[in-house]
Amino acid sequence: MDKVYKLWTGGEMPRSEEMPQVEDAQFHLIQDYEPQKNGYNWLKGVALAQHEGRWVASFGQNATKSENNATEMANVRVSADDGVSWEPLKNLDDPPGDLAVSHGVFLNHGDQLWAFMGSFYGRGRPGGRVHTRAYTAVPGSVGEGAPEWQNKGVVAWDGFWPLQEPLLMENGQYIHIS
């Protein structure tokens with residue numbers, strides 16, 4: 001039998017028009033949905049971080065197939081004006097063969113920007129060897145608006161796909177493997 005999980009514990013979920021507005025919030029578009037112009041037929045999994053005085057955004061996209069195919073890629077854009085405009089797309093990694101590197105999360109740790117990206121082989125369904133790869137931004141490259149990434153390799157196997165920034169544990173570490 002399926003278990004039932006309660007996702008909301010704050011009482012009755014308010015209707016959208018009843019929710020309080022965030023003061024001084026601004027909306028800025030990072031990437032248009034224009035498949036007829038750029039060929040990307042979907043985009044998801046946006047991660048944002050501020051690093052070296054700029055905003056960095058990453059997201060998964062696929063121009064040639066649907067979601068969860070080896071042609072999926074993690075694209076990155078940088079903004080120097082608080083999100084008003086964004087520099088051209090840049091691919092975070094160009095992996096070989098049927099390896100796909102897709103969307104993930106960022107972590108600012110000291111002076112280093114880390115990217116932890118969900119990855120898989122072939123299709124991202126069971127059997128696709130879903131895992132997480134880590135990358136670090138080359139120091140100074142984000143501030144120049146053209147981030148270069150160093151591939152640190154696989155950091156988690158067995159279907160692990162990061163969906164939020166790593167959290168610091170009580171022992172002062174982000175993750176502990178015994």
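The values are calculated or read from the model by the stated rules, or taken from the named source; none is laboratory data. Please read these numbers as outputs of a predicted model, since none were measured by experiment. Note: ideal-geometry Cβ built from the backbone for every residue, glycine included; neighbour counts use all protein chains shown.
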Counting only residues that are under 17 Å from residue 165 (Cβ atoms) and touching a Leu at 6+ places or on another chain (Cβ under 8 Å), which one in segment 96-112 is surrounded by the most Cβ atoms within 10 Å (Cβ to Cβ)? 106
State whether one or more residues within segment 48-62 are over 29 Å from residue 110 (Cβ atoms), surrounded by 18 or more Cβ atoms within 10 Å (Cβ to Cβ) and out of contact with any Lys or Arg (no Cβ under 6 Å at 6 or more places or on another chain). yes
All-but-one check, residue 68 against (1) farther than 26 Å from residue 139 by Cα; (2) without any contact (Cβ under 8 Å) to a residue 60 or more places away in the chain; (3) surrounded by 14 or more Cβ atoms within 10 Å (Cβ to Cβ), failing number (2)
Cβ-Cβ under 6 Å pairs, at least 6 apart or on other chains, segment 20-42 side under 14 Å from residue 62 (Cβ atoms), far side among the acidic types (Asp, Glu): 42/67
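Evaluate segment 22-43: report whether one residue or more is in a strand (DSSP E or B), surrounded by 10 or more Cβ atoms within 10 Å (Cβ to Cβ) and at pLDDT 80 or above. Full working, then the answer.
Of segment 22-43, the ones in a strand (DSSP E or B) are 42-43.
Remaining after also requiring surrounded by 10 or more Cβ atoms within 10 Å (Cβ to Cβ): 42-43.
Pick out the ones that are also at pLDDT 80 or above and you get 42-43.
The answer is yes, given that some residue of segment 22-43 is in a strand (DSSP E or B), surrounded by 10 or more Cβ atoms within 10 Å (Cβ to Cβ) and at pLDDT 80 or above.
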What number goes with the only condition from (1) over 26 Å from residue 90 (Cα atoms); (2) in contact with a strand residue (DSSP E or B) (Cβ under 9 Å, 6 or more places away or on another chain); (3) of a type in the set (S, T, N, Q) that residue 173 does not pass? (2)
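Just the residues that are within 18 Å of residue 154 (Cβ to Cβ) and either in a strand (DSSP E or B) or charged (D, E, K, R) (or both), please, taken from segment 59-90. Working first, answer last.
Pass one, segment 59-90, residues within 18 Å of residue 154 (Cβ to Cβ): 60, 70, 72-74.
Across segment 59-90, the qualifying residues are 60, 72, 73, 74.
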Determine if segment 78-95 includes at least one residue that is aliphatic (A, V, I, L, M) and surrounded by fewer than 13 Cβ atoms within 10 Å (Cβ to Cβ). yes
Candidate set: segment 44-73, residues that are within 21 Å of residue 164 (Cβ to Cβ) and of a type in the set (Asp, Glu); chosen: the one modelled with the highest pLDDT: 72
